[in-house]
Structures are given as C-alpha cells and as structure tokens.
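Peer 1: Here it is, the structure, as structure tokens.
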Protein chains: 4
Amino acid sequence: MRDSQLGIGVVGYGYWGPNLVRNFSVNPAARVVGVSDLDPGRLGAIRQLYPAVETTPRYDDLLNDSSIDAIAIATPVRTHYELAIAALRAGKHVLVEKPLAPSAEQAMRLIDEADRRGLTLMVDHTFLYTPAVQKIRELLLKRELGDIYYYDSTRSSLGLFQKDVNVIWDLAVHDISIIHHILDEEPVAVSATGSCHVAGSPENMAHITLFFANACVAHVSVNWLSPVKVRQTFIGGSKKMIVYDDLEPTEKIKVYDKGITLDASTEDAHQFRIGYRAGDMWAPHISPHEALQTEVGHFLDCVRSGSRPISDGTSALRVIEVLEAASRSIAEHGKPVLLKQPQLVRERARATA
Amino acid sequence: MRDSQLGIGVVGYGYWGPNLVRNFSVNPAARVVGVSDLDPGRLGAIRQLYPAVETTPRYDDLLNDSSIDAIAIATPVRTHYELAIAALRAGKHVLVEKPLAPSAEQAMRLIDEADRRGLTLMVDHTFLYTPAVQKIRELLLKRELGDIYYYDSTRSSLGLFQKDVNVIWDLAVHDISIIHHILDEEPVAVSATGSCHVAGSPENMAHITLFFANACVAHVSVNWLSPVKVRQTFIGGSKKMIVYDDLEPTEKIKVYDKGITLDASTEDAHQFRIGYRAGDMWAPHISPHEALQTEVGHFLDCVRSGSRPISDGTSALRVIEVLEAASRSIAEHGKPVLLKQPQLVRERARATA
Amino acid sequence: MRDSQLGIGVVGYGYWGPNLVRNFSVNPAARVVGVSDLDPGRLGAIRQLYPAVETTPRYDDLLNDSSIDAIAIATPVRTHYELAIAALRAGKHVLVEKPLAPSAEQAMRLIDEADRRGLTLMVDHTFLYTPAVQKIRELLLKRELGDIYYYDSTRSSLGLFQKDVNVIWDLAVHDISIIHHILDEEPVAVSATGSCHVAGSPENMAHITLFFANACVAHVSVNWLSPVKVRQTFIGGSKKMIVYDDLEPTEKIKVYDKGITLDASTEDAHQFRIGYRAGDMWAPHISPHEALQTEVGHFLDCVRSGSRPISDGTSALRVIEVLEAASRSIAEHGKPVLLKQPQLVRERARATA
Amino acid sequence: MRDSQLGIGVVGYGYWGPNLVRNFSVNPAARVVGVSDLDPGRLGAIRQLYPAVETTPRYDDLLNDSSIDAIAIATPVRTHYELAIAALRAGKHVLVEKPLAPSAEQAMRLIDEADRRGLTLMVDHTFLYTPAVQKIRELLLKRELGDIYYYDSTRSSLGLFQKDVNVIWDLAVHDISIIHHILDEEPVAVSATGSCHVAGSPENMAHITLFFANACVAHVSVNWLSPVKVRQTFIGGSKKMIVYDDLEPTEKIKVYDKGITLDASTEDAHQFRIGYRAGDMWAPHISPHEALQTEVGHFLDCVRSGSRPISDGTSALRVIEVLEAASRSIAEHGKPVLLKQPQLVRERARATA
C-alpha cells in the first residue's frame, strides 16, 4: 500500500540525518524517497544501507520531486531558514532540527509562510517526545511535586564545537523547550554568563538563570568542554523532588519524598521553624521507547490530519526568544534581560492554534 | 608533659563543635580545657564523653581561664565577630568557623586586632586542608592541566536552613576559598542569581559566576533544597581536566587526558579546525587523612611559631568580599558587580605577611 | 544515678573495640568501667579520649572487678572461647564479637555455661541490628517479594588478612547470620570453593552455595583481595526483587517490581510461556541509626530483663555449623556437605528458648 | 566492484540476526545476499530496511544460492549443528552464534567437516573482539598484573529465558571463552551449582568455579532473574588488579595499583607480615569500536586467506567441554568434575592449526 505512505525527503546526512532516515524508514506510514547531502561519501553510505533511497547532492532535486510530501532538515543552523522557506514554498511540510532558525525574526517568517500555505511546520525538540519528559510532565500536571521551586539542569560533554552557533543554541535549547513544556509559567527575564576558551569560536560554556513571575527559578548549565558527559536535571517542589538523569539506562527518573516542613511557632506567627522530611524514593518505570520514533509518528499524524504539532513553530519561536535574550545577557556579563511580552506571545500562540 | 600542651577552649557545641573537640583531644600538642555552650543538654553530652573537660554556659569563663591559650569558635555566623574580638582582647589566639565574620568590615577589624596583639587569627576553611584539594593544588601548580579554563562546582543537599546567613555564606564560601587557594588569578567581577523558596528565610539556592582577567571562569552552584547530596567540581584545562567528587570514598579525583586540539588550517590562518582528544583517565591515590586533624595541627603550629596560617584573616577577608559582591548581584538579578581592587587587596595581604 | 547503670568491661581495643567503647559510653544505661588490652599504646589512646575509664594489660583485672556486670570481647577469634568461658565463670554477662567461637563444639560449651548460670550470652552479629536488614526482614515477613528464589551476596575489599581464620569466618559469617535471620527455611547442604593466594595463609577468597529444601538457594562470595569494596546483596522473589547495597549512603535498599510471568499455553498445559514484567522501583527510607548503638541497647536490655537476645548463643552456633560445613566443602573442591539435622538444631533452640 | 565482495547468507533474524545483517551490510568486503527465517513478520522487517536483500522462509534457498559464499547462523542452539553441517556440506564457510553446538561431540564433527573441506568454521564469541577484552589480554600478556590470582565475573539481568539451553550455555559461555583467551593456563576441574526457579525450565541461575593447576581460580556467576543488569569482572594479580565493567560507557577498565605486600619476619622465615598497598587507579582509553564489526571483518579475512580464526572450532570445543563439565557438576550439587586431558585438547588444537 505504498500509495498511502507519505513520501519523505531528508536534507543533511551528518550527525542527526541518519537517525531521521532510520526512523522514517521503519515507520510504515512513510517512505524515504530521497536524501540530499553535499558530501559524496555520505551519499555512498546511504546507498550501502538503503539501496532503494535516491541520493543527490542537489537539494532542489528533493523540492522538485512530486512524490515527496515532506522534508526533514538536518543541516547546520545557519542554513535552516533558507532550506525550510524553500521547502514550504515548494508546498512541502517541514520538520527542522532544533533550533528552528538562528533568529526569532526568521522563525516568525517560517511560521507565517507555513500558516499561509496550511503546511505543517514542526521543530525537532526531541526531548519533548521522550518517555522520561512525558512522565515528568504528567507528574507536574498532577501536582505530585506541589509548588515548583526550581528546575536546575546540567548538560555537558566533550561535545562537537559548532562554528555557527554557541553552546546555548546547541544544548540549552533542549532545556528551554522542556521548561516551556512542563511548567505552567513562562519566564519573564533571563540572566546568563558564558565563556569562550577557543579564540575565534563561539561560547563553549554557559550558565543561564530564568526568572519567573512566581518564586520558581530555572537554571541551565551547558558545556562543550567537559571531561565526562552529564545529563542531569533536578526539579524541586514543595512536596516532592525529582532527579532526572538521562544517562541512566533504566531508572531515569527518581522521585524523592523529601523536603522541608514549616511549623509556625506559637510565640511569633511570623517565625517558622524549618524541619526536614526524608521519605521514600520512587523510580517510575520508563518505557525504553525511542523518542525520535514517537516524534516522527507525531509529525506524520500532524501532516495527515492538519493538527498542530506539540513542537510547532510558535513553541520553537518562544525557545528562540529566550536564547536571544540569554545571548544578550551573556554579552553583558549576566545583566538581566527582560523577555518581551510573554503573554502576548502566548495569546498569539492561542490565536493561531 | 602537659605543660607543653596548648590549652584550648571551644565555644559552641552544636554541629561543628564536637568535631573540633574530638580533633583537639587526639592531638598530643593540645589539651581541651573547657567548652561553653548555652544548651545544658549539650554540656551534659560533653561530660559523658569527656569527663575531664570543664563545661560552662558562660563564655567569659573560657576568657578568664589563664590555662586556655586559644579559643575555637563554632557558633552561628552573626556571633563570630563579637566572640572573636573578645577572645583576641583577652589575649587568646583564635580559630573561627567559616565565614570569619558576616561582613568585610568586621573581618578587617579582627585582622587588625590580631595583628596589633601578635595573635594568631585563623578561619576554618576546612577544605583547604583536605588531601583532595591539596592534590588538586599540586597538579595545578605543576601545570598538569595546562591553562585553566574553568572551575565549575555544585554543592547541594537537603541542608540545614540557616537563619542568619543565606546559602552562599554557608556553602559557596567553601568553593570561593578553594578557588582563591588553587588558582593564580583573583576574580575581578561576579554575577550571581539566587532564590528564596521559604518566605522570610534567606536565599536557599544560588548560582555564582566569577569572572577573571584572563579567559578563566568559575561557577558555583549551591542549594539547601536538593533531594540528594552533591559535592562535585569540574576543572577544565587546555591539557587535562579534573572531576573532583568529594562523596567518592576513595577515587575523589579523576584526571582526564581529554580535550580539544586546534589545527590551523592551511588556507586561512585565522580558521582553526577543532579536533577531540580522548586519552586515559587517572585517579591519584588520595590519603584518607581527616582534614580537620591537619588543620588543627596547622593552627597549633602557627600559634607556637607565630607563622601565618594558610587560611589567615586576610584570605578570609578576600572570600567575604566575594560573598558580599555576590549578594549585591543577587539583589539585582545577576547584574555584574566589580570586585574592588583585587591587586590592592593582594598587596595589603603581602604587606601584612 | 550511676547505681542504675550496668558496669561494662571491654577486652581488646584493636579494630572493633573502640566502637564498642564508644557505643557503651554514650548509652545512659551503661558505664564503661575498664578496658584491657595487651598493647600499652592502645591503652594510652583510651586514656587520652576517656580519662575516666580504667585501663589494664591484665584481663583478670576486669574479671575481678565487682563493678563490672558484663564483658564485651573484641579479640582475635582463637581467644574467644577462653575469654568468654572465663567471663561466664566469673559471673559476667558476655557479648562476643563474631564468630562466637572457632568451633561448634566450643560454642555449645559456652551456651551450656551461660544457660546453667542464667547469664546473657550474645554474639555481635552487627548486621542483624542495621535498619537495612531489619527493613528487608520486614518486607520478607510481609511476603512482599512472594516466594524467595535466591539470596546472592558479594562482600569483598582489600581486607585485613587474618591469621587465625579464613575469609569465610571473617566475612561470610555476616551473610550466614543474615540469611538465617530473614529466611524461613534453614539450609540443608552447602557447597563451597576457596582459594589461598598467599602461601601459609588461610583462604582469602571463597564462594559458598547454600541449598534449601525448597527451590531457594543462597550464594555468598567473599574476598579479602578485591581492589574495591563491595557490599551488595540481591534477593530475588516471585513477585519482587531487592538490591541491598550497604555502601550506598541513603538508598541502601531498592525494591524492584520486576520479574517474570508464566502463562500456561492453551495447547499444552505443561508448557509455559515466560514473559517479563518491568515495573517501578522503590527505595524505602532507611533510618541512619547506627546498628551497634541498637545492638548495645538490646544487649543491655537482655542483661537487665533476662530475655534471650536476637543473636543469642544458639543462633551463633547455627552460623558456625554452616561455616564448618563450608570449610569441609572447600577442602574437597566444592563437594556438597550435608548440614546435620537442622530440625534438631531448631528444636534444641526452641527447647532452650 | 561487487565481484570482489563475499556473498553472505544469514539464517535467523530474531535477537542477534539483525546485528549480523547490519554489520555485514556496512562491511565493503561483503554483500548480504539473502536472509532466511521462519517468521514472515521478520522477513517483512528485513525488506523494509534492506530492500536489496532476498528473504526466504526456506534455509535451502540460501544453501542452493551459488552467490552465497558464507552462512551466518543466528538460530536457537539446538539447531546449530544441523544448520552448520548442512552449510559446510554445501561448501559454505560458516559463522555460528555461540555456543557452536549443544555438545562437544557435535562440535567435533563440525570441526572435522570444516577441516576436511578446507572451509572456515568460526564461532561468534563476540567478547573476544571487544576493545575492552583485547586491552585486558594485552595487559596480562605484558604481565602488568603480575601473577594472576583470580578472575571473578558476574553476568546477570532480567534475561530471556531460553528453552533449549540453561543459563550457563547462554551467559557463562562468554566468560569461559574470555578466560581461555586471556589466561595462559587451562582449567583442570570445575565445581558448579545451579538453580531453577521456574518448573519445567532449565537452570536460570548458576555459579561456576574453575580450578587451575596453579593458584589461579576463576568464578563465574550468571543469572537470568536479576532485577538489574550486571556485567562486571574482577581480575586480581600479585601486582595490580582490574575491574572491568562492560556497562560503563567509557571507563570500562580500571587498573588498580593495589595489593598486598609480604615481608618475611626476621624471627621466623615461614611467617610473613602481610601489608597493604593502595596506589593510583588508571583507566586506559578504550576505543568505542563495535566488536561485531571487528569480528565480521576477521571472519571475512579468514575466509579469503584461509587463516584460522581466533574463535575457531577448536576454541569453541574447549568452551563447550567446560560447559558440559559444569552441567555435570550442577547435577551433583557442586561435586568437582575433572576436565579431560586439557593438554591433549591443546595438542590437538596445535596439530590442526
């Protein structure tokens, strides 16, 4: 029943492209029609593994192929806008590796183009589709943790230095998208510091604090120059706390029934005695399902049904606005930068939903 | 040969005091003469364990006891200045739990008082006396890591909320003292953010970035409201990198022969190709010696010889100046605060040395 | 109210003795009257820490001291019988470091002597008094794990080579006592292998399998020549499984809701389809209470009340019988050795209870 | 240049078959011509991923295909002999998943058949081709550890219960092949215990001790019913010790400069004082190369050159002889079983080499 399959084109077969090709290949609702990449060696690797997939050094071959319904873009960030806008103009649905574009302005143009043409525009915020983040979101929605006090994440490794974006556009983008996805509130301001240890390269290490209107605070530490890989997030609440370690093979999420207790003293109503509560720890079973498989399925569903993806253009834009603000704060050594009108952004998102 | 022993008085027998009493007790160069505490129950506990030690609820009893040569202070921070200045005025040498005082101004007064009287004033920056930090300092002095890129530390647990100081005065003080001890340079500015999740309490969570004149950067993350205890420091250099985990029972320090390599491309001298180097890891044997035993011995040596302690008043002052600057930055949501004339501070330190 | 305190004498102040002295010292129901040791240096260390405790190189001084009600023995195993029988004959209650004696025959003589004189005889099987083992016992008694399939333990480190006993008398003794304490059944046979890597020394490495009448099996691996310390026990049941890691600072016990499921296939009632079940993990809060404090309190209670200790002479004897059988099996390279009449042993235990 | 590629047929596409197909596919010296499996669903999965590969439910189709030079067998153990002998008789080189056959007698027949026809017969003892085991072998060959005292391994997980073989044929086979590969000596006897916790199934848990002529001993613990996955091996030597944890992502091997020291006392030449030595730990960099890629390349090299594989039929036979002896010991509750004439086996191996 090949007719019922969506035809997929993939541009970029470097680090992430092979994962996209593999996941679209095993999804019965899709067929990978062609892959384009500028490197002949990579195209040879595709032919060895997937003899039925067409390969080409010319992106236009994908755009001109009428059997291709959607394009997945896995190229350097600086090319995202150009490749995505061309795909939309060619009438293709688009899935773009994160971040959607190198600027909020370009992201808005892509959103507009996709909206006008009624095409699906989705950004590959992979973590939103992991069983672990979905479980965390579920626990927070059920208010298992009580009031959320903080989200504090470290994401580091001896990573690929990228030339066109700094470390926050490469790594912090994951945490910003997760924070937006699991918390009710949106950040109102950001303070960030960053450092560059290779002359002529973008920042390879950064620390970002996101302020919220309430007492919640988020902090994200990212580093391309760490001797060991770390993917660890602490989420503190008034009732419980979570440690999420994405490198744990099975017990990725641990929920601690720990915290403080406040006892109003009788003598002075304004004075609290702070006590400590140490209870059990619980690690919910996390399905080993591959996130990209879920995400690719969600993209195909949205293309078919016209429904809006979880990681749609607007959510991608909100992430980029935070990254831009953080970049400005880094340039001023931590000076806080207000985030522009988050309510308006949200209203805009709802209006277009 | 009791005559040759220094007589020690300890004030405060809460969390840290028992460690001081135990370590002075087993040091043959000292004799714990008396302990004062306001809580009768604690005094009873001392008598059960150390029947030969005098106990008193009155601090003055220690000051008036001529067989006491030195006073160790392990009380809340807000009382440090008053108790220490009184001890100095009574002609006693003084060891004060960290931080030395709640303000730089009070610290300076203590330094002056001790200098004028020729008495030893030492702050209990315990970590400087740990075999682990001593090994790190040795590796850095030998330039084993090459140029130092960063110091990035996390120190968190479900900790004792303190009433008179916030989390940076309680926990970050350790890292600031280590940073000053192991790095050549002094920080020139600080950006910090902090949050308070218990109304009416001081900040229980903070992130501090220290900027240096060179490319080095230090970051310290501290948290009283963490579900698990973390004591982990990453130190990145151009040649090697260290992971120091103080909770590891034996392999506290791991030295990674990992990093990036820079190859100037032939076409463009300004363009570098960044490569990755993954070599062996090495965990030097760390002596299990208790830091406080070393520190107490060092204090006794300094009292006897009149030599200046490693953690003397001036080094305590430098730490407090960073804490004060960080507090100001926290109040302004990360706005950077310049550290006043570090050169002058250093010259002053040298002048008084 | 010193009159109401039990007077304690301790013999042996090497590795374990200081823990006994410290724990009896802080227990208000006891008073450490005297300590005897052959090493003058150790006696000096006691006087420095506990000026009120009498020290002597002569064990008889303790036996002759009428203010001493009970003797705690922390000397090499080969001396246990002689010292304990002398203490009982002097009318003292006795707490003996594990194992109670180097042979079942000597253990039986101690039991008889204590019974005849109405004195408390207790062996220091410390692990039975840890909050972790108590929690495991509670879970097994409540049948949380279903049928118990196995107990599989590893206990190794770069340990103290002992001269008078091999590694199973030093380390496996802990596991045998735990197995007897938490399982309903008693082992019926044992197969063990052991090796000696230092000429002239006893075995420094051994593996013991205990067979039960039902499908349950226990295995204990012990090693004095391991590069890292391991204290890990797996307990498998038909419904749940436990991993108990005694080196974990807080999450010592993890209960896994994992296992297999058996579905009878319709075609053949004798054929099962085995499926797998992966559920949540749960780490119950374990009190950080020190086991030896609990144990010392239990000993003092038993002395006062005349009630039988959890780790009484009979339970010590059962452990020794397993150790003797394992030693015989080791000498024959794993040949299984039947355990003599476990029912009779149990009846004897009940008769004397 | 397809002509220069060896044509490969794969039988069995369950758990391991997909890995074989993938690794042969990416090796430029091979071409996967066809895959046979009895399950139509699996054949469909192959066609989705590898449209160029022929699929068939009939094994004979592979044997009759003259473009197939070699057959890789990844089916249940009970079928290994029948499928392998048929492939050899059809003139195909053969790579068989471990163990080579369910009995030594069948293994010998396969060796004879391959020898007579001059065909390559190789068993898939994957671990011999891992960078970690190769590094351990290198360290042992260089005598970095001194005399080898022991090899002690645990290999457990909530594993696939197999119907036709027990846990030692499934898991211990890895360790036996590693032990033969890295140690100079061959075991002379074996004692093993095993248990079955599912009525009607083979043993799912076992402990094996291998005795050597010298002081070295090996122990292997395997378990299909463990709540967590463990792949940990301790190797103790007179000079250094290794901990090999195959689940560690990067630091798989840790070499500890730890051990005991023996000082002859002056009084008695037969008495030693045992001391302890705690030095540095060192984790050599281990290449992340996939073992099966190396192994598949080695198989193709041997087929082309006619040279004898590292894991040839004879080495497979030696492993099976140990497994058979262990099975006999398990049936007798640990009674030791002598291994028949290891010298003769070795001579035979040399004669046929």
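Peer 1: To the nearest 500 deg cm²/dmol, what mean residue ellipticity at 222 nm is calculated for the protein assembly as shown from DSSP H runs of n ≥ 4 alone, each contributing -39,500 (n - 2.57), summed and divided by the residues?
Peer 2: Value at 222 nm, helices only, nearest 500: -10000 deg cm²/dmol.
Peer 1: Which of C:256, C:303, C:314 sits farthest toward the positive end of the charge dipole of the stretch C:169-314, with +1 on the Cβ of Lys and Arg and -1 on the Cβ of Asp and Glu?
Peer 2: Sorting the options by dipole projection puts first C:256.
Peer 1: Taking the Cα centre of each part, how many Å lie between the stretch A:122-177 and the stretch C:129-193?
Peer 2: Using only Cα atoms to place each centre, the spacing works out to 43 Å.
Peer 1: Once you average over the residues of B:214-225, how many Cβ atoms of partner chains fall within 10 Å of each Cβ?
Peer 2: 4
Peer 1: Of the candidates A:215, A:70, A:326, which one comes out as most mobile in a Gaussian network treatment of chain A with C-alpha springs shorter than 10 Å?
Peer 2: A:215
Peer 1: How much accessible surface area, in Å² rounded to 10, belongs to the heavy atoms of residue D:211 with a 1.4 Å probe?
Peer 2: Estimated to the nearest 10 Å², residue D:211 gives 30 Å².
Peer 1: Right, next: Using only the alpha-carbon atoms of the protein assembly as shown, report the extent along each of the three principal axes, biggest first, to the nearest angstrom.
Peer 2: Over the protein assembly as shown, Cα extents along the principal axes are 97, 78, 57 Å.
Peer 1: Straight-line reach from residue C:163: which lysines have Cα under 24 Å away, leaving out those fewer than 8 places along the same chain?
Peer 2: In chain and number order, the partners are C:98, C:229, D:239, D:240, D:258.
Peer 1: Now, a different point. Once you average over the residues of D:203-212, how many Cβ atoms of partner chains fall within 10 Å of each Cβ?
Peer 2: Rounded to a whole number, the mean comes out at 4.
Peer 1: Then there's this: How would chain B be classified by its alpha-carbon gyration tensor: rounded, prolate or oblate, with rounded meaning a/c under 1.5 and the a/b versus b/c comparison settling the rest?
Peer 2: Note, shape of chain B comes out prolate.
Peer 1: Mind checking the mean number of beta-carbon atoms from other chains within 10 Å of the Cβ atoms in A:149-156?
Peer 2: Working: counts 8, 7, 0, 7, 0, 6, 0, 3.
For peptide A:149-156, the averaged partner shielding equals 4.
Peer 1: Once label points are set 7 Å from the Cα along Cα→Cβ at both residue A:61 and residue D:261, what is their separation, rounded to one decimal in nm?
Peer 2: 7.0 nm
Peer 1: Right, something else. Given a 1.4 angstrom probe, what's the average accessible area per residue across chain B, in square angstrom?
Peer 2: With the other protein chains kept in place, chain B gives 41 Å² per residue.
Peer 1: Need one number: buried accessible surface between chains C and D, 1.4 Å probe, both sides summed, DNA, RNA and ligands left out, in Å² to 100.
Peer 2: Details: alone 17140 and 17140 Å², together 30290 Å².
Counting both chains, the buried surface is close to 4000 Å².
Peer 1: Taking the highest mean first, how do the peptides C:172-179, B:281-288 order by number of other beta carbon atoms within 10 angstrom per residue?
Peer 2: C:172-179, B:281-288
Peer 1: Moving on. Normalised radius of gyration for the stretch A:20-141, please: alpha carbon Rg relative to 2.2 N^0.38 Å, two decimal places.
Peer 2: Normalised Cα radius of gyration, the stretch A:20-141: 1.15.
Peer 1: Skipping prolines and chain starts, which residues have an amide H placed within reach, meaning under 5 Å, of the one on residue B:124, given they are 5 or more residues away or on another chain?
Peer 2: For residue B:124, the qualifying residues are B:96, B:97, B:98.
Peer 1: Where the accessible area of chain A is counted over protein heavy atoms with a 1.4 Å probe, how much of it, in %, is carbon and sulfur?
Peer 2: Carbon and sulfur atoms account for 50 percent of the accessible area of chain A.
Peer 1: Mean Kyte-Doolittle of at least 0.0 and a Cα length of 18 Å or more along the axis: which whole DSSP H helices of chain A meet both?
Peer 2: The answer, listed by residue number, is A:291-305, A:313-331.
Peer 1: In terms of the Cα gyration tensor, with a ≥ b ≥ c the square roots of its eigenvalues, is the stretch B:134-208 rounded because a/c is under 1.5, prolate because a/b exceeds b/c, or oblate?
Peer 2: It is prolate, given that a/c is not under 1.5 and a/b is the larger ratio.
Peer 1: Here is a follow-up. How would you classify the stretch D:112-154 from its alpha-carbon gyration tensor, with a ≥ b ≥ c the square roots of the eigenvalues: rounded for a/c under 1.5, else prolate if a/b is greater than b/c, otherwise oblate? Spell out each step's value before the answer.
Peer 2: On the way: a/c = 2.73, a/b = 2.46, b/c = 1.11.
Here the stretch D:112-154 falls in the prolate category.
The values are calculated or read from the model by the stated rules, or taken from the named source; none is laboratory data. Treat the numbers as computed from the prediction; the structure is a model and nothing was measured. Here the Cβ is made from the backbone with ideal geometry for all residues, glycine too, and neighbour counts use every protein chain on show. The accessibility values were calculated without ligands, DNA or RNA, using every heavy atom of the protein model including side chains. Shrake-Rupley method; radii C 1.70, N 1.55, O 1.52, S 1.80 Å.
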